[in-house]
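Asks: Please find one structure pasted underneath; my questions will follow.
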Amino acid sequence: MVALGLSSPASALERARLTVEGRGVVEVAPDMAVITLGVTAEGKVAKEVLDLNSQHMEETLRVLADAGIEGRDVQTLNLSLNPLWTNRRNGGPEAPPEITGFQARNTVSVRVRDLSRLGLILDAVVSAGANEFQGLSFGLQSPEETRDEARRRAVADARRKAELYAEATGMDLGSLVSINEAADQGGPRPMMAAEMARSARAVPIAEGELSVEAGVSIVYELE
């Protein structure tokens, strides 16, 4: 957005002002991944189902620890034990529902800081008993340095536009009046470019790139 405000004859001391918006984008390879996985077990007896679920999750956590995942990078998201009911339609509309068994579910979030091992870790946890995979996202462990570079590029973009419009209108770019950062651009966003990390035993993972954006709105005086 570009806005040009001119002073009125009644206020000769006021100078024309130019408002420009700048955008900065930095593409960077991710250095961290977050995976959401879980264990689901079903059976006739609630305690047996919960014990089986716990056994598989304990093995999954052990595999994660053996792979170098620290305890601070593993967090339980959901732990539940629910009854399984009969389908009423099978017994007619008047048939009351009955509990036929139980389902236990344990879901965890795992941060993987060494992406070179991500495929192997996924393969290992599935072999250990994890039978639910609910998502994978990539990120940056320390995003502020990249975000600051995006901010610098956003300011440079706004300055470039301001100089262009000042020249086009036959005026000189004056002092900076104000600068405002645009609303939060959100976290790093995935880009289409990707490199496939493969291993003979690992799940293939496309890491790709992340796009970190920043925006500013700057007001300059024109002379």
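The values are calculated or read from the model by the stated rules, or taken from the named source; none is laboratory data. On a predicted model such as this, the values are computed, not experimentally measured, just so you know. Glycine also receives a Cβ, built like all others from the backbone with ideal geometry; neighbour counts cover every protein chain displayed. In case anyone asks, the SASA skips ligands and DNA or RNA and just uses the protein heavy atoms, side chains included. Shrake-Rupley method; radii C 1.70, N 1.55, O 1.52, S 1.80 Å.
Asks: Please find, among F102, F133, the residue that is under 19 Å from V203 (Cα atoms) and aromatic (F, W, Y).
Replies: On the way: F102 fails: under 19 Å from V203 (Cα atoms).
From the options F102, F133, the qualifying one is F133.
Asks: Conditions: (1) open to solvent by less than 90 Å² (accessible area, probe 1.4 Å); (2) not in a strand (DSSP E or B). N106 meets all but one. Number of the miss?
Replies: Single failed check for N106: (2).
Asks: Condition first: modelled with pLDDT of 90 or more, of a type in the set (A, V, I, L, M), open to solvent by 40 Å² or more (accessible area, probe 1.4 Å) and outside any helix (DSSP H, G or I). Can you find one or more residues in region 135-144 that meet it?
Replies: Yes, the conditions are met somewhere in region 135-144.
Asks: Here is a further query. Sort out which residues of region 1-60 are touching a helix residue (DSSP H, G or I) at 6+ places or on another chain (Cβ under 9 Å) and at pLDDT below 90, and write them in order of number.
Replies: Result: V2, L4.
Asks: Give the residue that is surrounded by the most Cβ atoms within 10 Å (Cβ to Cβ), with candidates limited to residues of region 58-68 that are aliphatic (A, V, I, L, M) and under 19 Å from Q134 (Cα atoms).
Replies: So the first thing to find is which residues in region 58-68 are aliphatic (A, V, I, L, M), and the list is 61, 63-65, 67.
Next, only the ones that are under 19 Å from Q134 (Cα atoms) stay: 61, 63-64.
Details: L61: 20, V63: 19, L64: 23.
This residue is L64.
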